Amino acid sequence: MSIRTEEMVLNMGPQHPSTHGVLRLELTLDGEIIIKVVPHIGYLHRCFEKHCEVITYPQVIPYTDRMDYLAAMGNEFGYVIGVEKLLGIQVPERVEYIRVIMAELQRIASHLIAIGTYGADIGAVTPFLYCFRDREKILSLFEITCGARLLYNYIWIGGLSHDLHPDFIRLTKEFIKEFKSNLRELNNLLTYNRIFIDRTANVGILPLETAINFGITGPMLRASGLKWDLRRDDTYSVYNKFDFDIPVGEGKMGTVGDSWDRYYVRVLEIEESLKIIKQAINSIPDGDVTSAIPKKIKPPVGHIYSRVENPRGELGYFIISDGSTSPFRVKVRAPSFVNLQIMDELCRGHLVADVIAILGSVDIVLGEVDR
Amino acid sequence: MKSFEEIAEIIRTNFSDIQIEIKSVVKFEPFLVISSDKIDKICLYLRDYPELCFDSLVNLSAVDDFNGTKVKDEQGNETMTGGTMSVYYHLESIKFRHKILLKVITDKDNPNINSVVSVWNSANWHEREAFDLFGITFNNHPDLRRILMPYDWEFGHPLKKDYQNPEFYQGMKIPY
Amino acid sequence: MGLLDKEFSDGNILITTTEDLFNWARLSSLWQLGFGLACCAIEMMATSASHYDFDRFGVIPRPSPRQSDVIIVSGTVTLKMALRVKRLYEQMPDPKYVISMGSCSNCGGPYWEHGYHVLKGVDRVIPVDVYVPGCPPRPEALLEGLLKLQEKIRYESLTKQNNEVV
């Protein structure tokens, strides 16, 4: 006797505590097994690209902040590098160092949220509080630098809005010292937690071939086993002066490219970022941070694709200039936008509960997916 | 790792029947101009040719070139007719670390380009976005729907340079 | 005046009006709909987390609108999302309150002019009790907004319709 079964469509989001914002997933289920996932995005489409066409080049910077609002420094960094290349400006060494320090601090803050909310999504609420405690310290470092906690408008075309606060280097050193032991604590609490490993290891395995074909970048690609990091492979700013490792997924708890690997690569990246910050603050040169800011920003006709390694992957800006004071077109290659496409591939054949574990490990920011 | 000229030469020798324009004098980024109905074939070749191996599509961006002829109507309002739209493809080979930029130009009144989703899956959402915001149709795309704007949005494609925003959407006033 | 000020010194007896008792109960346990929209949601999360601790004011995020008293609209409301926000608001049981957090949900924020897909203020779809300015507002600003809402609830009347803040 055969039992008549039928597929069921389950709607998840846009208001769901674990979709990291306003993502809507349409799940097709066979019992509790997932057959198909269709992500619906656009609930936070804020018309970034249209804004770029009507405002001037420096005015775009605050809008870039609001795309990936967890890594605002990284967004500014990528945009500013592109415009500087178009203009042909060489910025002072001190500016480059400060930019790198800020971008790496931001990477730590962003990964802390990724880790904390990932834990909270699959049931471990305590690490979330630990992560936010440490993140607040980074935010206070940003605050003494430029006055803002979340969206900075700090990195300007050709320079920075302010120089470092006199106490910044001392406070950063104190933070690094303190944070190292906190990280150990976090690892014991979450990373090697048996329940956490059971929920994430061997879930949502992403083979390298598929990852490359889907254009996956950032920690997700590295978790699948490829040493690919734009900071080293297409180096920009002064990253070539620092010594750091590129952590890759090794399948320690399961298979290479599973959710645990994607999580763990982020933890290791935090340590590498700490290394970079340490080297940078020890060798930061003196200089004026506003000397190279041009009075008139009017790039020549042409186009450029500039990209940086953001916490979520490759953030690219395709900027077309028509010779006027505002860009003709800016297209953003947002890492979360591209990474989110893989959801269907990763979730198929898993249980409904695993969707949360997989989505958390993809680590999306909806502001960037929808722009 | 191959330079732009070497890659352009390989494409030119293998696709002698297709017209390919090489723009290498442009400042910053040289590119190849390819006709809209051959782009999928060339992309497949670029991916599979062992010496090139462009295994990843980094970015796909559509642009409204805004180069039509200006026409004045009776009220004195200027409108643009004709013109072109272009799509830029940034390709990269992770294996060999070389990059190339392709450009496809299509008619603005009837924008129509062959899809490259069969070559790189990452093109899927990029092309949907280009369709949503510019109205470019990608032939053979598996799922060409709006992606960012609401599915029932019937007021056109907002990133076109001559787009006019409506007053109301589902009873909500849009302008400030 | 707080409820406990009216306590008799010699026993566990309180004398108060029903109105005061209800208002006191409502304002001390405002359960929030755990719902984030954009950048401000991160500051809202920071307010709930260890450093600022929203819990001291009785605010606990609830995943379902059926269990919540206050919705904090934290971020840009787009046209695609606006009707969902409205539905979430309608699903909440009375009495319900709305805090509009950040410039975007107050008036459209930086997207007010060219945002073809941005709703210029959430008050075009749902009624708002407290507006918190800022882009994004600091957690302290959100706390201040919550205190203002509590103030408003404290002087609510069960019989009169118009609740003026004293």
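The values are calculated or read from the model by the stated rules, or taken from the named source; none is laboratory data. As the structure is a prediction and not an experimental result, all values here were calculated from the model. Backbone-built Cβ (ideal geometry, glycine too); neighbour counts: all protein chains shown. Each accessible area value is taken on the protein alone, full model and side chains, heavy atoms only, with ligands, DNA and RNA left out. Shrake-Rupley method; radii C 1.70, N 1.55, O 1.52, S 1.80 Å.
Spot the failing condition for A:Gly123; the list is (1) open to solvent by less than 20 Å² (accessible area, probe 1.4 Å); (2) more than 17 Å from the chain's Cα centre (by Cα); (3) of a type in the set (Gly, Ala, Ser), and only one is missed.
Exception for A:Gly123: condition (1).
Out of the residues in segment A:349-371 meeting the condition of being away from chain C (no Cβ under 14 Å) and aliphatic (A, V, I, L, M), tell me which one is farthest from A:Met8 (Cα to Cα).
For segment A:349-371, the residue satisfying everything is A:Val362.
Buried (at least 23 other Cβ atoms within 10 Å of the Cβ), more than 9 Å from every other protein chain (Cβ to nearest Cβ), at pLDDT 90 or above and touching a Leu at 6+ places or on another chain (Cβ under 6 Å): is that true of C:Ser100 in this structure?
Criteria not met by C:Ser100.
For segment A:75-96, enumerate the residues that are farther than 16 Å from A:Ser161 by Cβ, open to solvent by 10 Å² or more (accessible area, probe 1.4 Å) and not in a loop (DSSP other than H, G, I, E, B).
A:Ile81, A:Lys85, A:Leu87, A:Glu93
Take segment A:213-254 and flag every residue that is touching a Lys or Arg at 6+ places or on another chain (Cβ under 9 Å) and of a type in the set (A, V, I, L, M).
Within segment A:213-254, A:Met220, A:Ala223, A:Leu230, A:Val238, A:Ile246, A:Val248 qualify.
Conditions first: (1) open to solvent by less than 10 Å² (accessible area, probe 1.4 Å); (2) touching a Pro at 6+ places or on another chain (Cβ under 7 Å). C:Thr78 passes all but one, so which condition is the exception?
(2)
Take B:Lys41 and decide whether it is among the basic types (Lys, Arg) and surrounded by 12 or more Cβ atoms within 10 Å (Cβ to Cβ).
Values: among the basic types (Lys, Arg): yes; surrounded by 12 or more Cβ atoms within 10 Å (Cβ to Cβ): yes.
Answer is yes for this residue.
For segment B:49-97: of the residues being open to solvent by 10 Å² or more (accessible area, probe 1.4 Å) and of a type in the set (Phe, Trp, Tyr), which is farthest from the other protein chains (Cβ to nearest Cβ)?
Looking at the filtered set, the residue picked out is B:Tyr49.
So A:Tyr239 fits all but one of (1) of a type in the set (Ser, Thr, Tyr); (2) closer than 30 Å to A:Pro58 by Cβ; (3) open to solvent by 10 Å² or more (accessible area, probe 1.4 Å); (4) under 21 Å from the mean Cα position of the chain (by Cα); what number is the exception?
Exception for A:Tyr239: condition (3).
Based on what the data block shows, is A:Ile115 more than 14 Å from chain C (Cβ to nearest Cβ) and not charged (D, E, K, R)?
no
Hey, could you check segment C:58-75 for residues that are more than 13 Å from chain A (Cβ to nearest Cβ) and open to solvent by less than 10 Å² (accessible area, probe 1.4 Å) and say which is nearest to A:Met12 (Cα to Cα)?
So the residue we want is C:Val70.
Look at C:Val128 and say whether it is under 22 Å from C:Met44 (Cβ atoms), touching a Cys at 6+ places or on another chain (Cβ under 8 Å) and of a type in the set (A, V, I, L, M).
No; evaluated as a whole, the condition is false for this residue.
So if I check each of B:Asn110, B:Asn124, B:Asn114, which one is under 25 Å from B:Met149 (Cα atoms) and within 14 Å of another protein chain (Cβ to nearest Cβ)?
Exactly one of B:Asn110, B:Asn124, B:Asn114 is under 25 Å from B:Met149 (Cα atoms) and within 14 Å of another protein chain (Cβ to nearest Cβ), namely B:Asn124.
Considering each residue of segment A:245-281, count those that are over 16 Å from the mean Cα position of the chain (by Cα), outside any helix (DSSP H, G or I) and β-branched (Val, Ile, Thr), and give that number.
Adding up the residues that qualify gives 3.
Does segment A:4-61 hold any residues that are under 25 Å from C:His114 (Cβ atoms), open to solvent by 40 Å² or more (accessible area, probe 1.4 Å) and not aliphatic (A, V, I, L, M), and which are they?
Hits for segment A:4-61 are A:Thr56, A:Pro58, A:Gln59.
Tell me which residues, restricted to segment A:223-234, are within 12 Å of chain B (Cβ to nearest Cβ) and either assigned to a helix (DSSP H, G or I) or without any contact (Cβ under 8 Å) to a residue 24 or more places away in the chain (or both).
Of everything in segment A:223-234, those that are within 12 Å of chain B (Cβ to nearest Cβ) and either assigned to a helix (DSSP H, G or I) or without any contact (Cβ under 8 Å) to a residue 24 or more places away in the chain (or both) turn out to be A:Leu226, A:Lys227, A:Trp228, A:Leu230, A:Arg232, A:Asp233.
If B:Asp162 satisfies all but one of (1) open to solvent by 50 Å² or more (accessible area, probe 1.4 Å); (2) out of contact with any strand residue (DSSP E or B) (no Cβ under 6 Å at 6 or more places or on another chain); (3) more than 10 Å from chain A (Cβ to nearest Cβ), what's the number of the condition it fails?
(2)
Looking at (1) outside any loop (DSSP other than H, G, I, E, B); (2) of a type outside the set (Phe, Trp, Tyr); (3) surrounded by fewer than 21 Cβ atoms within 10 Å (Cβ to Cβ), which is the only condition C:Ile153 fails?
Of (1) outside any loop (DSSP other than H, G, I, E, B); (2) of a type outside the set (Phe, Trp, Tyr); (3) surrounded by fewer than 21 Cβ atoms within 10 Å (Cβ to Cβ), only one is false for C:Ile153: (3).
So if I check each of A:Tyr305, A:Tyr317, which one is closer than 18 Å to A:Glu53 by Cβ, at the interface with chain B (Cβ under 10 Å from one of its Cβ atoms), within 27 Å of the chain's Cα centre (by Cα) and open to solvent by less than 10 Å² (accessible area, probe 1.4 Å)?
On inspection, the qualifying residue turns out to be A:Tyr317.
Take the residues in segment A:192-221 that are touching a Ser or Thr at 6+ places or on another chain (Cβ under 6 Å) and within 9 Å of another protein chain (Cβ to nearest Cβ); name whichever of them is least open to solvent (accessible area, probe 1.4 Å).
A:Gly215
Output the number of residues of segment C:106-124 satisfying the condition of being free of Cβ contacts under 8 Å to residues at least 12 places away in the same chain and facing chain B (nearest Cβ under 7 Å).
Of the residues in that region, 3 qualify.
In segment B:165-176, which residues are at the interface with another protein chain (Cβ under 10 Å from one of its Cβ atoms) and either touching a residue at least 24 places away in the same chain (Cβ under 8 Å) or assigned to a loop (DSSP other than H, G, I, E, B) (or both)?
B:Asn165, B:Pro166, B:Gln170, B:Gly171, B:Ile174, B:Pro175, B:Tyr176, listed by residue number.
Quick test of your reading of the structure: B:Val33 fulfils all but one of (1) open to solvent by 70 Å² or more (accessible area, probe 1.4 Å); (2) within 14 Å of another protein chain (Cβ to nearest Cβ); (3) modelled with pLDDT of 80 or more. Name the failing condition by number.
Checking B:Val33 against (1) open to solvent by 70 Å² or more (accessible area, probe 1.4 Å); (2) within 14 Å of another protein chain (Cβ to nearest Cβ); (3) modelled with pLDDT of 80 or more, the one that fails is (1).
Only one of A:Leu160, A:Leu164, A:Leu151 is open to solvent by less than 50 Å² (accessible area, probe 1.4 Å), within 14 Å of chain C (Cβ to nearest Cβ) and over 16 Å from C:Ser48 (Cα atoms). Can you tell me which?
Sole residue among the options that is open to solvent by less than 50 Å² (accessible area, probe 1.4 Å), within 14 Å of chain C (Cβ to nearest Cβ) and over 16 Å from C:Ser48 (Cα atoms): A:Leu151.
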